[in-house]
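The values are calculated or read from the model by the stated rules, or taken from the named source; none is laboratory data. Just so it is clear, the model here is predicted, and its values are computed rather than measured. Virtual Cβ from ideal backbone geometry, glycine too; neighbours counted across all protein chains shown.
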Amino acid sequence: MKYVLLTLISAMLLSISWPTYGIPFFIFFALVPLLMMEHGISKFSQFKRKSWVVFGLSYLCFVIWNIVTTGWLYGSKNPDGSHSVMAVVFPVLVNSFLYSLVFQCYHWYKNAQGSYWGLAFFVAIWMSFEKFHLNWEFTWPWLNLGNVFSDYPKLIQWYDTLGSTGGSFWILLINVLIFYTIRVFEAGRKRKDLIRNSSIVALLIILPMIISLVKFNNFNEKSIGEVNVLMLQPALDPYAEKYSQDSITIVNDLLSLAEKNTTGKIDYYIAPETAIPGRGSISETAFEKSGLLNDIKGFLTKHPGSVFTTGISSHRLFKNGESLPKGAYQINPQLWVESYNSAIQIVPNQKVEVYHKGKLVPGVEIFPYMSVFKPILGDAMINLGGTVASLGTDKERVAFSNPYNKGKIAPIICYESIYGEFVTEYVKKGANFLAIVTNDSWWGVTEGHKQLLSYAKLRAIETRREIARSANSGISAHINAKGEVLEDTFYGDKTALFAKVNLYDKETFYVKAGDLLTRFSIFSLGFLLFYFLIKSFQNKLQKKKV
């Protein structure tokens, strides 16, 4: 029961640390009881299959953590209005398994190489796993540890140097040092060692926060200009209205919302993810002929000097014999189509610019590793956007230039805003402010939309770019380059939000270097594994000599 209790304490501490309802400071020792559980079972228990016990208890911990922090996924529904149990069961069970596998690898390595090497391995493999979780097709970095301080931007201004992955390293290091301090004291009962080690831990917690507060209070980056932005929030119910209303009505309502809230000069109108059309999508080869897009151009002619950025469902057709992209699927014997979750910029008398979402939601927008799993699972994707096929993506980020001013907008689409190093690619393309277009209405009034907004603050700090966030049902927001939400809307309101957005053109160290500590951790993991193999080989040679 002692080991179960330690496991449950870790699960509780991890859960209550999380935004947007928790207190993040618990994260600094949330993993310590789990490390104590593993140590106790390895060294002092009488279990015959210790590895299985460690794995089972760690899995229990991570399942509880995943349920509490991401159980809001149950709010997503199938097209018929029923809740999708798989939308929460699959991510929770699989994600918990992956975290348990990471912890199990630590358990094996520590028992083979000793506690000191084992703790170094723990930090390295956890950091490497977080990087892996950012890049494979089952990507789900929602619970990466560095996200935990997103509601406390004053304390993490140094993320502009090391990013949120640097935050993960910081948290893991503190947990390991606290566990080490407890173990040293238990072994020697020396008060001097306890005071010294505790002082080091306290310093490592407090010093980055002090540096952050100094950076926050002395932020004086010079803006190269300012743009007036109107973020539109149409509050279109994705289940009852989006695919039942005709597209002309949807666009007219959107433009009416824009017109009603226009007072003075507007440089940018920004509408949410997949704001248009209604059911179906618009062919990219016919953008210039589209009646819906031409209606928007007509609106812009009444507001000279304005551009319109919006999310859109789009597609491109391919005939037999043409080179087919990965996401293309056949709709008749002669025709193939690839669908996209896109962002476009509309300027009168100019060609419509388009960007295709690069980070897709697993099981919703992409069928992960389709060639392997589709024969097993069949059509198991959740229909949250009018398609059950994997969408196409752009390999590179895009920044839309404004022909009327210095504005260069990063069209970040929903899920992409969770990815730190990924978002820096927009800045490297010249973006001087970030626009996040999103539709968080699928989950209803849950923590999901609040957490996604909270994570956007991390991107503002990492890139030192202001953010204009347009969300279908909210929360739309203006976030400054220090990660503060200056203005926002209420979830569920049909409204618009005006903001004067500052433009910045300097690149932070994080934009230039990316996830530096992650790359260091991956290198360290490789070294530790190589060191283990060399030692094992040497031990075998010695045994043969004996």
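Any residue in the range 41-55 that is under 14 Å from N175 (Cβ atoms) and either touching a residue at least 60 places away in the same chain (Cβ under 8 Å) or surrounded by 15 or more Cβ atoms within 10 Å (Cβ to Cβ) (or both)?
Scanning the range 41-55, I find no residue that is under 14 Å from N175 (Cβ atoms) and either touching a residue at least 60 places away in the same chain (Cβ under 8 Å) or surrounded by 15 or more Cβ atoms within 10 Å (Cβ to Cβ) (or both), so the answer is no.
Just give me the residues in the range 23-78 being under 30 Å from P238 (Cα atoms) and in a loop (DSSP other than H, G, I, E, B), in sequence order.
Once the filter is applied, which keeps residues that are under 30 Å from P238 (Cα atoms) and in a loop (DSSP other than H, G, I, E, B), the range 23-78 yields S76, N78.
Considering each residue of the range 467-495, count those that are crowded, with 24+ Cβ neighbours inside 10 Å and either at pLDDT below 95 or touching a Ser or Thr at 6+ places or on another chain (Cβ under 9 Å) (or both), and give that number. Walk me through it before giving the result.
In the first step, residues of the range 467-495 are kept if they are crowded, with 24+ Cβ neighbours inside 10 Å; the result is 467-474, 476, 479, 483.
Those still in the list that are either at pLDDT below 95 or touching a Ser or Thr at 6+ places or on another chain (Cβ under 9 Å) (or both) too: 467-474, 476, 483.
Qualifying residue count for the region: 10.
Somewhere in the range 266-278, is a residue modelled with pLDDT under 95 and touching a His at 6+ places or on another chain (Cβ under 9 Å)?
No, every residue in the range 266-278 fails to be modelled with pLDDT under 95 and touching a His at 6+ places or on another chain (Cβ under 9 Å).
Give me a count of the residues in the range 466-509 that are charged (D, E, K, R), assigned to a loop (DSSP other than H, G, I, E, B) and under 17 Å from the mean Cα position of the chain (by Cα).
0
For residues in the range 415-435 being assigned to a helix (DSSP H, G or I) and charged (D, E, K, R), which is farthest from V227 (Cα to Cα)? Steps first, please.
Let us first name the residues in the range 415-435 that are assigned to a helix (DSSP H, G or I), namely 415-418, 420-428.
In the following step, the residues that additionally are charged (D, E, K, R) were identified as 416, 421, 425, 428.
Numbers: E416: 23, E421: 26, E425: 22, K428: 20 Å.
Filtering first and then ranking leaves E421.
Among the residues of the range 413-435, how many are of a type in the set (V, I, T) and closer than 24 Å to K222 by Cβ?
Result for the range 413-435: 3.
Which of the strands (runs of 3 or more DSSP E) contained wholly in the range 278-359 include at least 2 residues that are loosely packed, with under 14 Cβ neighbours inside 10 Å and free of Cβ contacts under 8 Å to residues at least 40 places away in the same chain? Outline the logic, then answer.
Values: elements: 307-319, 329-332, 335-346, 353-356.
Because the criterion is at least 2 residues that are loosely packed, with under 14 Cβ neighbours inside 10 Å and free of Cβ contacts under 8 Å to residues at least 40 places away in the same chain, the strands (runs of 3 or more DSSP E) in the range 278-359 that meet it are 329-332.
Condition check: at pLDDT below 95 and under 16 Å from the mean Cα position of the chain (by Cα). Does E447 satisfy that?
Numbers: at pLDDT below 95: yes; under 16 Å from the mean Cα position of the chain (by Cα): yes.
When the stated conditions are applied, E447 passes them.
Looking at S198, is it assigned by TED's automatic domain parsing to the domain that holds E425, among the small types (G, A, S) and surrounded by fewer than 18 Cβ atoms within 10 Å (Cβ to Cβ)?
No.
Restrict the check to the range 76-88 and report whether at least one residue is modelled with pLDDT under 95, crowded, with 19+ Cβ neighbours inside 10 Å and in contact with a His (Cβ under 9 Å, 6 or more places away or on another chain).
Yes, the conditions are met somewhere in the range 76-88.
Determine, yes or no, whether K131 is buried (at least 17 other Cβ atoms within 10 Å of the Cβ) and not small (G, A, S).
Numbers: buried (at least 17 other Cβ atoms within 10 Å of the Cβ): yes; not small (G, A, S): yes.
In short, yes.
Collect the residues in the range 228-258 that are part of a strand (DSSP E or B) and more than 19 Å from Y491 (Cα to Cα), keeping them in residue-number order.
Within the range 228-258, N228, V229 qualify.
Of all residues in the range 113-165, which are small (G, A, S) and assigned to a helix (DSSP H, G or I)?
S115, G118, A120, A124, S128, G146, G163, S164
Considering only the range 156-175, state which residues are surrounded by 19 or more Cβ atoms within 10 Å (Cβ to Cβ) and among the hydrophobic types (A, V, I, L, M, F, W, C). Lay out the reasoning, then the answer.
Just the residues of the range 156-175 that are surrounded by 19 or more Cβ atoms within 10 Å (Cβ to Cβ), to begin with: 156-160, 162-172, 174-175.
Within the range 156-175, I156, W158, L162, F169, W170, I171, L172, I174 qualify.
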